[in-house]
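The values are calculated or read from the model by the stated rules, or taken from the named source; none is laboratory data. Note that the structure is a prediction, hence the values are computed from the model and not measured. For neighbour counting, all protein chains shown are included, and Cβ atoms are generated from backbone atoms with ideal geometry for every residue, glycine included.
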Amino acid sequence: MARDTRKLDGIRDRRSELENHYIDELVAGRISRRDFVRKGAVIGMSSSLMGVILAACGNANSSSSSSSAATTASTPKHGGTLRLAQQAPAAAVNPLTVADSGGLNMLAQTGEFLILDNNQLLTLQPMLATSWKASASGAVWTFTLRPGVKFHNGQTMTAKDVVYTFKQLSDPKVASNALSTFTGVLTPSGVVEVDSMTVAFHLEAPNGNFPYLVSSDNYNAIIVPDGTDFAKWQSTFIGTGPFTLKSYTQNVGASFLANPNYWGGKPYLDGTAFTFYTSQPPQILALQGGQVDGIVQFTAQGAQSLLGSSNYNIIKLKSANHRELSMRNDQAPFTDARVRQAVAYALNRPEMISALLGGDGELGNDSPFGPRFPSSNTSVPQRAQNLALAKQLLKAAGHANGFSAPLVTEQYQEIPALAQVIKADLAKVGITANLKIESQTDYYGKATYGNSDWLDSTMSLVDYGDRGVPNVYLEAPLTSNGPWNAARFKNKTYDSLVKQYVAAVDLSTQRTIAGKIETLLLAQTPIVIPYFIDGLTATTPSVHGVNPTSISAIYLNKAYMS
Amino acid sequence: MAIFILKRVGLALITLWILSVIVFFVGQVLPGDPGRAILGPLAAPSAVHALDQTLGTNRPVLTQYWSWISHFVRGDMGKSYSYQTAVAPLVIKALGNSLKLAAVAFVIVVPLGIFGGVWAALAAGKPRDRIISVVGLSSTVIPELVSGIVLILVFGIALNVLPISATAPPGASIPTQLDHLILPAIPLVLILFGYIEQMARAGTIEALNSDYARTAVLKGLPRRTLIRRHILRNSLLPTITVVATQVGYLIGGLVVVETLFRYQGIGSLIVTAANGKDFPMLEAGILVIGVAYMVATLVADILYSLLNPRIRYQAAE
């Protein structure tokens, strides 16, 4: 199909340098239409604009959008209360301090973010911000807010509320869980009200993926009214979202009512009811027994009865949720990169995915660049099990007869089973892993060097939850000054590559640097990432239009029951 | 009798105080701190510090203990670190739930166990005795997790005759609430039946072999009267002790059943509190179980003394 050059030129005149860069990339065929939409969304191009550009470029390399449960063909029905099972929030539902899957889904029921990271489409969508753009360097990001949005108390949302929210979240003197994201990125003084509908973020360093950090990925960042007392938030749940609080009872459940004044239109459902559970088996039984209509998020282990049944709709999401095996680069025998590579070559990853995850996972290539991130460089070859090579590497490193080393890990989901599989695989090349499986409290300890089995053990196997961008995974566990560097990996080239990656605003640069990082990590192998775990949500077939995310929040504004 | 009860209450108060000290100081030895437990292992150290400051958990240990106990004795259980709400309503609600479940299990298992034990003893050594004893002992060793899941699968899902959640919808009538509690009570019945049956059986056999029983038989007392008036009364004594010592378990030890059947009882409350290093909730929960346990043993002692006059004389001395 022909390219409409004149129309394209007309659009280009009014676009920023960065936007034109992406148009160039698209025209040249260096990025797919899907990546264009993803990255265009990050830099704040509207979907209608991107539609016009894509149309002007012709349908040459069109890719169909993924089929998802969110886009069912039948006509939505109004009414009814949707009942869902979920993990009980571990602590108070305080937007500043929530740090667990149960709590963050509660925030997402009545609260909204500047941007929604739609995990089903793998793209950013406007939520409370209608558009956003970066300065040329990527150090200042400006967000235009959606007009006419009302909080549940009737107050209209303005820039003051957004500024208050982010000043609190980024304040090192406040007990904010979002500090793990904002430290080194944003300080309270960097949050600036430009006018009543515009907010600018002046970052500590250029950050090409900043929109992800104010999106639903950063689950603490729901916008609350200026002056909100966060500790008391759980008595009102005041946000701007499609549902308002009906009742919340610790450890028991929560129910919500449709918000008739919702800016996106009143939801189809009359209300929702969440039942809290502290473990997975009762949730599965409750779904099978018809006491709930769905489970917000579950893991494949122990859920065979759901996965193997045609009685349930399973929504599967690619996620960056992964397991990381670190080896102390400063402790023999792992001082030798060949020994670390031998460990990586000993593992049978496809078998792990089928045995531990019921097939619902993606191969890991010993770097955080998984299939969830558009910037991952897929041209770097995937590592596979090679026992002969592993033995050869061990021999070259002077360990022809193998060695034994402790492997410490935590009691969490499938991890103890994974540790057993790793032990069995390592035994095949003569390495004896002495397993120690601890409770999470013992394992993490104080989470600082010298006070944590997680960070101090010779080999340590830990979980990393899902994030929208790989920045935290690249920095904290792997850079020389990273706070969670359990491998004690110190590599100046790596540090500078990460710095470049984080600052890079355009996708092809990010992807080029990602390729270099992936290659470097394969050569050095400070850590092993065997797989990424898909996010799983189950509902009965009568439930439609639910939109879960891989961090285990679920959006129900378009949900209905037939 | 009044002095006996007073003495026991005084002892109980001292025991509870020692318990509160142990819980507090043992809690300090556990790794982690409340701020870290709330914000998770990956939270920024500054955020953890700020939260500990707000909660007051970075004060000296003795100051924290004093501030807690001085409020507690005035009836203020304090505020939960994790949930940021008053502890008292949470604990009272959980205790109410635990008592309800325990009561249902008790009402089923105590008569069943005593009847089974006496019935088995009357046929001591015969097949009936063997069957009851083997069944009783085997059911005692079935973990609640196993029996609970089997029950849910059979009655909750395959037959779909009983609700699988112990929590009835809010505002449910008493019959509905009972309906929800039957399934979770069965694993407890299975575990306790063996204990009670064995004690009742042993007590009955001992009573049957006693001189007074032989005398009663020889003087021509009908068998039924003999059992009711002489045997039962004596065989029940050890059974009461066993039942009383199980109260602590029935109220505070049902974590597995509470988790499986999604029931907010005091057992799961304590586990949650311990995991979160939520000291005010942990103390309140454990002390509540302590009180329940002491009340149960006190009631057992009083019952015991009513059935056995010898105890009364000793207490009065």
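For the reader, a short list of remarks on this structure follows.
- Residues within the stretch A:288-304 that are more than 10 Å from chain B (Cβ to nearest Cβ) and outside any loop (DSSP other than H, G, I, E, B), tallied: 6
- The set of residues in the stretch B:275-299 being within 30 Å of residue B:178 (Cα to Cα), hydrophobic (A, V, I, L, M, F, W, C) and crowded, with 18+ Cβ neighbours inside 10 Å consists of B:281, B:282, B:284, B:286, B:287, B:288, B:289, B:292, B:294, B:296.
- For the stretch A:462-480, a residue qualifies if it is within 14 Å of chain B (Cβ to nearest Cβ) and in a loop (DSSP other than H, G, I, E, B), and the qualifying residues are A:465, A:466, A:467, A:476, A:477.
- Subset tally (residues that are at the interface with chain A (Cβ under 8 Å from one of its Cβ atoms) and aliphatic (A, V, I, L, M)) for the stretch B:260-283: 2
- Residue match in the stretch B:23-35 (condition: of a type outside the set (Ser, Thr, Tyr), within 27 Å of residue A:172 (Cα to Cα) and more than 10 Å from chain A (Cβ to nearest Cβ)): yes
- Of everything in the stretch B:116-127 that is part of a helix (DSSP H, G or I) and surrounded by fewer than 17 Cβ atoms within 10 Å (Cβ to Cβ), the residue that is nearest to the other protein chains (Cβ to nearest Cβ) is B:119.
- Within the stretch A:482-504, the residues that satisfy the criterion of being more than 15 Å from residue A:450 (Cα to Cα), of a type outside the set (Lys, Arg) and assigned to a loop (DSSP other than H, G, I, E, B) are A:489, A:491, A:504.
- Any hit, the stretch B:33-45, residues being within 26 Å of residue A:96 (Cα to Cα), touching a Pro at 6+ places or on another chain (Cβ under 8 Å), of a type in the set (A, V, I, L, M) and free of Cβ contacts under 8 Å to residues at least 24 places away in the same chain: yes
- If the condition is being away from chain A (no Cβ under 14 Å), assigned to a helix (DSSP H, G or I), farther than 17 Å from residue B:254 by Cα and of a type in the set (Gly, Ala, Ser), then the stretch B:75-115 contributes only B:113.
- Any pair with Cβ under 6 angstrom, 6 or more apart, that starts in the stretch B:53-75 at a residue that is over 19 Å from residue B:35 (Cα atoms) and ends at one that is surrounded by 12 or more Cβ atoms within 10 Å (Cβ to Cβ): B:71/B:78
- The requirement of being within 13 Å of chain B (Cβ to nearest Cβ) and on the phi > 0 side of the Ramachandran plot is not satisfied by residue A:265.
- Residue count, the stretch A:305-315 (criterion: of a type in the set (A, V, I, L, M, F, W, C) and assigned to a strand (DSSP E or B)): 2
- Sole residue being surrounded by 24 or more Cβ atoms within 10 Å (Cβ to Cβ), under 18 Å from residue A:218 (Cβ atoms) and in contact with a strand residue (DSSP E or B) (Cβ under 9 Å, 6 or more places away or on another chain), chosen from A:124, A:107, A:116, A:96: A:124
- Close pairs (7 angstrom Cβ cut-off, 6 or more residues apart or separate chains): on the phi < 0 side of the Ramachandran plot and among the small types (Gly, Ala, Ser) in the stretch A:407-431, part of a helix (DSSP H, G or I) and at pLDDT below 95 anywhere: A:417/A:356
- The residue list A:293, A:330, A:360, A:336 contains one member that is under 22 Å from the mean Cα position of the chain (by Cα) and of a type in the set (Asp, Glu), which is A:360.
- Condition check for residue A:511 on (1) touching a residue at least 40 places away in the same chain (Cβ under 8 Å); (2) in contact with a helix residue (DSSP H, G or I) (Cβ under 8 Å, 6 or more places away or on another chain): one failure, at (2).
- Residue within the stretch B:2-25 that is part of a helix (DSSP H, G or I), of a type outside the set (A, V, I, L, M, F, W, C) and closer than 17 Å to residue A:441 by Cβ present: no
- Sole residue being surrounded by fewer than 15 Cβ atoms within 10 Å (Cβ to Cβ), in contact (Cβ under 8 Å) with a residue 60 or more places away in the chain, within 13 Å of another protein chain (Cβ to nearest Cβ) and not charged (D, E, K, R), chosen from B:159, B:145: B:145
- Residue list for the stretch A:281-319, filter: surrounded by fewer than 20 Cβ atoms within 10 Å (Cβ to Cβ) and acidic (Asp, Glu): none
- Filtered by the rule that a residue be out of contact with any Gly (no Cβ under 9 Å at 6 or more places or on another chain) and among the β-branched types (Val, Ile, Thr), the stretch B:135-154 gives B:142, B:146, B:149, B:150, B:154.
- Whichever residue in the stretch A:382-414 is at pLDDT below 95 and closer than 17 Å to residue A:353 by Cα and, among such residues, is surrounded by the most Cβ atoms within 10 Å (Cβ to Cβ): A:414
- When each of A:508, A:480 is tested for being under 24 Å from residue B:44 (Cα atoms) and not acidic (Asp, Glu), the lone residue that passes is A:480.
- Among residues of the stretch B:37-74, those that are assigned to a helix (DSSP H, G or I), among the aliphatic types (A, V, I, L, M) and at the interface with chain A (Cβ under 7 Å from one of its Cβ atoms), counted: 5
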